[in-house]
Amino acid sequence: MRIEQVKQKMKSEKLESLLITDMKNIYYLTGFSGTAGSILLTQDRNIFMTDSRYSEMAKNLIHDFEIIETRDAIGSVLSITKDGKIKTLGFEENITYQFFKRLTQTLDTLQLFATSNFLMELRQIKDATEIKKIKKACEISDQAFLEVLKFIEPGRTEIEIANFLDFKMRDLGASGVSFETIVASGARSSLPHGVASHKPIAFGDPITLDFGCFYDHYASDMTRTIFVGEVDPKMKEIYHVVLSANQALIAQAKAGLTYAAFDKIPRTIIEQENFGSFFTHGIGHGVGLDIHEIPYFSQNMVQEKLLENMVVTDEPGIYLPSFGGVRIEDDLLITKEGCELLTKAPKELIVI
């Protein structure tokens, strides 16, 4: 089914052949999770190329593909396209410059076309199996959050907390973390992507925890901000504004909503409380095989609309420099009538 969708897209874009080298896209089309491989699609052939380390694995795993064992995929593409009298080849734009030079030098008889988000546009709509895996990744994150609440105390360092989360998610069934865990405490919580440091947790600190995991190749992404011992009144105010923004989007997100509106709903709440200049990033992004994938959102995207079975994040935040910040992030499954909240860890103001 996925291959047919790709080939239909190739037809509409007048591509006789397509070279796929991104390993996430290769997994999406074949289930192959090795580290070396490429796909060449024509309207008549499905060809998977890999080296001798993975050829047996590929033959046992991949169906409806010809398997070619090679360490020179570009040379194989040249031979195949010549034999098939193919004149146009699409390739993924995220290749390295070195690979691009080899493509253009070796395939100089072909018209080459860089494709942007060619597979990603299909990947942004999740099927039932993908949704099930993302839900499981979210369940693991939820449970890890409940466990880390018991671990955090004054004197623990941010790195110790990050390590606890990482290993706990693995204990709960994750294959690994989906990105480097963010733990930012005290004034450092004003850093939206504050990498965990050796800073010890102090009484009165806010702590922003942004983390996620992979479960069977699919990601989760969640943020919670908690407090240790007591809450500064200003931080308490900020927390409730961010929570209101987060919940407003959950209440209104649904298929058909424009990307601009998706961004505006929570941003308006933050702006009305005079914190607009301290919400310094987009409201969210897609989640799937990659932790960050399309769709992305901005106020300028007035034509693009949410589609059923997209999985996207809802992550408003307020960051006061040198003082502290709050972010609350959830993963949402977009439906016809609304959205399903996939991350269910508590969001009431937590003081430990």
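The values are calculated or read from the model by the stated rules, or taken from the named source; none is laboratory data. None of the values given here were measured: they were computed from a predicted structure. With ideal geometry, Cβ positions are generated from the backbone for all residues, glycine too; neighbour counts draw on all protein chains shown. Only protein heavy atoms, including side chains, enter the accessible area calculation; ligands, DNA and RNA are left aside. Shrake-Rupley method; radii C 1.70, N 1.55, O 1.52, S 1.80 Å.
Details
- Close pairs (9 angstrom Cβ cut-off, 6 or more residues apart or separate chains): over 25 Å from Lys305 (Cβ atoms) in the range 262-283, of a type in the set (Asp, Glu) and assigned to a helix (DSSP H, G or I) anywhere: Glu273/Glu237; Ser277/Glu271
- Single residue of the range 117-126 satisfying the filter (aliphatic (A, V, I, L, M) and open to solvent by 30 Å² or more (accessible area, probe 1.4 Å)) that is nearest to Gln8 (Cα to Cα): Leu122
- Of the listed requirements (1) exposed (fewer than 15 other Cβ atoms within 10 Å of the Cβ); (2) assigned to a helix (DSSP H, G or I); (3) of a type outside the set (A, V, I, L, M, F, W, C), Pro154 misses just one: (2).
- The residue list Thr30, Thr50 contains one member that is in contact with a His (Cβ under 9 Å, 6 or more places away or on another chain) and among the polar types (S, T, N, Q), which is Thr30.
Each row is one residue, and each column tells you yes or no for (1) more than 19 Å from Asp83 (Cα to Cα); (2) without any contact (Cβ under 8 Å) to a residue 12 or more places away in the chain.
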position: Val6; (1), (2): yes, no
position: Ser12; (1), (2): yes, yes
position: Thr21; (1), (2): yes, no
position: Asn25; (1), (2): yes, no
position: Leu29; (1), (2): yes, no
position: Phe32; (1), (2): yes, no
position: Ala36; (1), (2): yes, no
position: Leu40; (1), (2): no, no
position: Asp44; (1), (2): no, no
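- Residue ranges of strands (runs of 3 or more DSSP E) in the range 240-352 with at least 2 members crowded, with 23+ Cβ neighbours inside 10 Å: 311-314, 317-320, 324-327, 330-334
- Inspection of the range 190-210 finds a residue satisfying the criterion of being in a helix (DSSP H, G or I), open to solvent by less than 60 Å² (accessible area, probe 1.4 Å), touching a helix residue (DSSP H, G or I) at 6+ places or on another chain (Cβ under 9 Å) and in contact (Cβ under 8 Å) with a residue 24 or more places away in the chain.
- Within the range 258-297, the residues that satisfy the criterion of being of a type outside the set (A, V, I, L, M, F, W, C) and touching a Phe, Trp or Tyr at 6+ places or on another chain (Cβ under 7 Å) are Tyr259, Asp263, Arg267, Thr280, Gly282, Gly284, His285, Gly288, Pro295.
- Unmet criterion (only one of (1) at pLDDT 95 or above; (2) open to solvent by less than 20 Å² (accessible area, probe 1.4 Å)) for Glu180: (2)
- Within the range 155-207, the set of residues being of a type in the set (Lys, Arg) and farther than 25 Å from Glu237 by Cβ comprises Arg156, Lys168, Arg170.
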